[in-house]
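Here is the structure we will look at, set down as structure tokens.
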Amino acid sequence: MDLGFPVISVAIVFLIIYLLSSIKILAEYERGVIFRLGRLLGTAKGPGIILVFSPIDRMVRISLRQEALEVPPQDIITRDNVTLKVNAVIFLRVIDPNKAVVEVSNYAYQTSQFAQTTLRSVLGEQELDELLAHRDKINLRLQSILDQHTAPWGVKVANVEVKQVDMPESMLRAMAKQAEAEREKRSKIIHAEGEFSAAQRLVDAAHLLSSEPASIQLRYLQTLTEIGVEKNTTVVFPVPIDFFSGMQKWLANVAAPPAAK
């Protein structure tokens, strides 16, 4: 019995299956880093259809999409000895797939670990007020430091954002008291400025009324008219202060003993 044809048929079937299994499809955002017999092959392959002849070839898929890594909360002591818990988020993307595979074992994990130490060291050099008021500058500094260290791995750190700053309750109460004191200070200043403006206008009004004595009587009659509209039974007659001072002088002269002759 001739077994040549069945053997050839089986071999052809296995060859077809092997070729089909060697076909790999990479999405638009993916690249394939190929190792042939352990050696890196040129540039990364993809996107589209590529051939990976295993076990001679081995492919590592790398995504070129931007990723977000959250840095766990870190215990930080600022330069003015305030204890904080700060976490951040890192936005990065792979720009060189070959370096991201060859130069580092796990670029995402290593970037996260390095970000934790960088976050503690950079924020430890800042005072609390600087951390709260100049967060944009701190974010840019963190991004610059991380990008310098991840560039040899073929990873670009696009942005770093300090996400949340947790402060002790005592510090929150102190900041609330400070804010309340600042608002009270501004309120007193505004009130004092209003009193000064009102006093200045009263001085101007007094000078204007003193220039025409009849205007005082007209103002008095106008005040009586306003009182009468409210149907009050009490009428107030203003008495000049000079009248009382004159009376005090007259009483003093009457009460003084006669001079000895």
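Can you tell me which of Asp147, Asp80, Asp129, Asp166 is in contact with a strand residue (DSSP E or B) (Cβ under 8 Å, 6 or more places away or on another chain), at pLDDT below 90 and of a type in the set (D, E, K, R)? Quick ask: steps written out before the conclusion?
Details: Asp147 fails: at pLDDT below 90; Asp80 fails: in contact with a strand residue (DSSP E or B) (Cβ under 8 Å, 6 or more places away or on another chain); Asp129 fails: in contact with a strand residue (DSSP E or B) (Cβ under 8 Å, 6 or more places away or on another chain).
Checking each option against the conditions leaves just Asp166.
Can you name every residue in region 144-174 that is more than 30 Å from Val102 (Cα to Cα) and not in a loop (DSSP other than H, G, I, E, B)? It would help to see each step written out before you state the result.
Let us first name the residues in region 144-174 that are more than 30 Å from Val102 (Cα to Cα), namely 162-174.
The answer is Val162, Lys163, Gln164, Val165, Asp166, Glu169, Ser170, Met171, Leu172, Arg173, Ala174.
Would region 115-130 turn up any residue that is surrounded by fewer than 18 Cβ atoms within 10 Å (Cβ to Cβ) and touching a Pro at 6+ places or on another chain (Cβ under 8 Å)? Yes, region 115-130 contains at least one residue that is surrounded by fewer than 18 Cβ atoms within 10 Å (Cβ to Cβ) and touching a Pro at 6+ places or on another chain (Cβ under 8 Å). Mind checking whether some residue in region 9-25 is in contact with a strand residue (DSSP E or B) (Cβ under 7 Å, 6 or more places away or on another chain), part of a loop (DSSP other than H, G, I, E, B) and surrounded by 14 or more Cβ atoms within 10 Å (Cβ to Cβ)? No: zero hits.
When you go through Leu37, Leu41 one by one, which is the residue that is surrounded by 10 or more Cβ atoms within 10 Å (Cβ to Cβ), of a type outside the set (Asp, Glu), under 28 Å from Val102 (Cβ atoms) and without any contact (Cβ under 8 Å) to a residue 24 or more places away in the chain?
Working: Leu37 fails: surrounded by 10 or more Cβ atoms within 10 Å (Cβ to Cβ).
Of the residues listed, the single one that is surrounded by 10 or more Cβ atoms within 10 Å (Cβ to Cβ), of a type outside the set (Asp, Glu), under 28 Å from Val102 (Cβ atoms) and without any contact (Cβ under 8 Å) to a residue 24 or more places away in the chain is Leu41.
For region 48-143, the helices (runs of 4 or more DSSP H) that sit wholly inside it and include 3 or more residues that are over 21 Å from the mean Cα position of the chain (by Cα) and outside the structural domain of Glu30 (by TED's automatic domain parsing) are 97-102, 107-123.
Filter region 78-111 down to the residues that are in contact (Cβ under 8 Å) with a residue 24 or more places away in the chain, of a type outside the set (Phe, Trp, Tyr) and farther than 30 Å from Arg39 by Cβ and list them by number.
Quick first cut of region 78-111, residues in contact (Cβ under 8 Å) with a residue 24 or more places away in the chain only: 78-80, 82-104, 107-108, 110-111.
Retained after the next criterion (residues that are of a type outside the set (Phe, Trp, Tyr)): 78-80, 82-90, 92-104, 108, 110-111.
Passing the criteria: Thr78, Arg79, Asp80, Val82, Thr83, Leu84, Lys85, Val86, Asn87, Ala88, Val89, Ile90.
For region 167-208, how many residues are charged (D, E, K, R) and surrounded by 12 or more Cβ atoms within 10 Å (Cβ to Cβ)?
Residues of region 167-208 that are charged (D, E, K, R), as a first pass: 169, 173, 177, 180, 182-186, 188, 193, 195, 201, 204.
Subsequent filtering for residues that are surrounded by 12 or more Cβ atoms within 10 Å (Cβ to Cβ) retains none.
Adding up the residues that qualify gives 0.
The values are calculated or read from the model by the stated rules, or taken from the named source; none is laboratory data. What you see is a predicted model; the values in this text were computed from it and never measured. FYI the Cβ positions are ideal-geometry reconstructions off the backbone, even for glycines, and counts take in every protein chain you see.
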